[in-house]
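Only one structure is covered here, and it is reproduced in the block below.
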Amino acid sequence: MRFYLSWLVFFLVSFYSVAKDTPPFFRHDNSPELGLMANFKASALCEVAEGTHNYIQQFSDDKFAVHAGTVFDDEVTLTRVEKTLAFICQTYRADVRAKRNSRLHEPEFLRKHFDFYRWTPDRATAQAIAKKSTNAVKSRMLNAIPQDKIFLTKYYTKLLKASAVKTAEYNQALYALPYDEAGISLAEANKDLSLTRHQYTRQQVIAGVLEQNKLAKPLIWLTEEALHDVLLQGTGVVEVNGVRRYFNVHRNNGVAYDYAIGKREQARYWYFAEVPSIMGYGETLLSKIALAPQVAFAGNVAQLGLGKLFMVSYQQQGQRVSRLGVLADQGGAFDNNLFQLDLLVDSYYGWQDYHQANKHLADYAQAWLMLVKPAH
């Protein structure tokens, strides 16, 4: 018994020491390093902030996303998040009425009106993922995350070359939700594992199981490479007769995204729907938040909570640049991920034009959560 008690005391002391020595991921910072506020439009920031704020107010029962965050102290509340989103648009509109440049681009204005919380990345989790990854570049990038910077990735909506009918080149469909799920709510459909959506992996769909059995409607036809890209990025953009059309992920087959493997090996498969613009987070297709390039982040909504305003800072052509964006999107890659934000940049046909337009952006950046000060 004495041995058991001694072991228990040792375990508790050891556990407490480890917990005590583990730094929080966010700390209040009285001296944030703000650079030239650039590469974003205040009008677009307001659009995303307002859309996200509306979601928070209308869907307060979405406990996955609508909360203060699980990794912050008591200073971070959902009320302050909402006030921050509202303040962004109040400031933008006041500046428009006064016919002056946006104060959201002025470092002194931001210091005066916002509290800053410095983000220290969870490098231990990133390195654990790197060990399991079969992608050498991904492993290298994850292992190289600095102690004081997050991994700043970029995502884009895929500009697609498509066909209205199947051809030898465009032989993979972007499928709408299977016919047997029409009119069924997401909650009901997720419980009914007999539905078509739950039956097949990406590889089986690509092999033709839906087409052969006429289980779902093809929206458009793509190349296989384009299909993998749009499944990864979540949104496809197509020019049809001079009109830009948008297709967004709707519901998936329930298979988790595996961060350690490449896009072609993923078993997760998404069904799509046509939407009016680039869409971000939302429990249902109709509730999704409309996004704008350069001011929207995808990230760990489950732990950070929807609607957080982040500032990221990095060196660009020898100068410190800072920019603002709202956490308004998420994805499977962010499960248990407190080391990364993904910036929506724009729409591109592929890697080459994306890289040419964004090669100046850093891979790692200092990051701060921003909340409007309580007086506002």
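Of everything in the range 52-101 that is of a type in the set (Lys, Arg) and surrounded by 13 or more Cβ atoms within 10 Å (Cβ to Cβ), the residue that is farthest from THR284 (Cα to Cα) is ARG93.
For the range 113-231, list the helices (runs of 4 or more DSSP H) that sit wholly inside it and hold at least 2 residues that are at pLDDT below 95; which are they?
Working: elements: 123-132, 136-143, 186-191, 202-207, 209-213.
In the range 113-231, 123-132, 136-143, 186-191 are the helices (runs of 4 or more DSSP H) which contain 2 or more residues that are at pLDDT below 95.
Within the range 134-147, if we keep just the residues that are surrounded by fewer than 20 Cβ atoms within 10 Å (Cβ to Cβ) and touching a Phe, Trp or Tyr at 6+ places or on another chain (Cβ under 9 Å), the residue that is nearest to GLY208 (Cα to Cα) turns out to be LYS138.
If you go through the range 153-171 and pick out every residue that is surrounded by 20 or more Cβ atoms within 10 Å (Cβ to Cβ) and under 30 Å from ARG118 (Cβ atoms), you end up with 2. Taking the criterion of being part of a loop (DSSP other than H, G, I, E, B), of a type outside the set (Asp, Glu) and modelled with pLDDT under 90, the residues of the range 257-271 that qualify are TYR257, TYR259, ALA260, ILE261, GLY262. Scanning the range 232-256 for residues that are closer than 13 Å to TRP270 by Cβ and part of a strand (DSSP E or B) returns THR235, GLY236, PHE247, ASN248, VAL249, HIS250, ARG251, ASN252.
Listed by first and then second residue, the pairs with beta-carbon distance under 7 Å, at least 6 apart or on different chains, first residue in the range 355-374 and touching a residue at least 24 places away in the same chain (Cβ under 8 Å) and surrounded by 14 or more Cβ atoms within 10 Å (Cβ to Cβ), second part of a helix (DSSP H, G or I) and of a type in the set (D, E, K, R), are LEU371/ARG80; VAL372/ARG80; VAL372/LYS83.
Give the range 182-219 a look and list any residue that's touching a Leu at 6+ places or on another chain (Cβ under 8 Å) and without any contact (Cβ under 8 Å) to a residue 12 or more places away in the chain, or say none. It would help to see each step written out before you state the result.
Going residue by residue through the range 182-219, those that are touching a Leu at 6+ places or on another chain (Cβ under 8 Å) are 184, 189, 196-197, 200, 202, 206, 209, 216, 218-219.
Listed by number, the residues that qualify are ILE184, VAL209.
Here is a yes/no grid of residues against (1) assigned by TED's automatic domain parsing to the domain that holds ASN337; (2) within 22 Å of ALA357 (Cα to Cα); (3) touching a residue at least 60 places away in the same chain (Cβ under 8 Å):
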position	(1), (2), (3)
LEU232	no, yes, no
VAL237	no, yes, yes
VAL249	no, no, no
ASN252	no, no, no
GLY262	no, no, yes
TYR269	no, no, yes
ALA273	no, no, yes
ILE278	no, yes, yes
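Within the range 235-260, being more than 19 Å from the chain's Cα centre (by Cα) and farther than 19 Å from ARG197 by Cα holds for VAL238, GLU239, VAL240, ASN241, GLY242, VAL243, ARG244, ARG245.
This table checks each residue for (1) surrounded by fewer than 16 Cβ atoms within 10 Å (Cβ to Cβ); (2) within 18 Å of ALA273 (Cβ to Cβ).
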residue	(1), (2)
ALA173	no, yes
ALA176	no, yes
GLU181	no, yes
LEU186	yes, yes
LYS191	yes, no
GLN203	yes, no
TRP221	no, yes
GLU224	yes, no
LEU227	no, yes
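Here ASP73 passes the criteria (1) at pLDDT 95 or above; (2) outside any helix (DSSP H, G or I) except the one numbered (1). From the list ALA49, ALA94, the one residue that fits, being in a helix (DSSP H, G or I), touching a helix residue (DSSP H, G or I) at 6+ places or on another chain (Cβ under 9 Å), in contact (Cβ under 8 Å) with a residue 60 or more places away in the chain and over 25 Å from HIS360 (Cβ atoms), is ALA49.
The values are calculated or read from the model by the stated rules, or taken from the named source; none is laboratory data. Everything quoted here is computed from the prediction, not taken from an experiment. Positions of Cβ are generated from backbone atoms using ideal geometry, with glycine treated the same way; all protein chains shown enter the neighbour counts.
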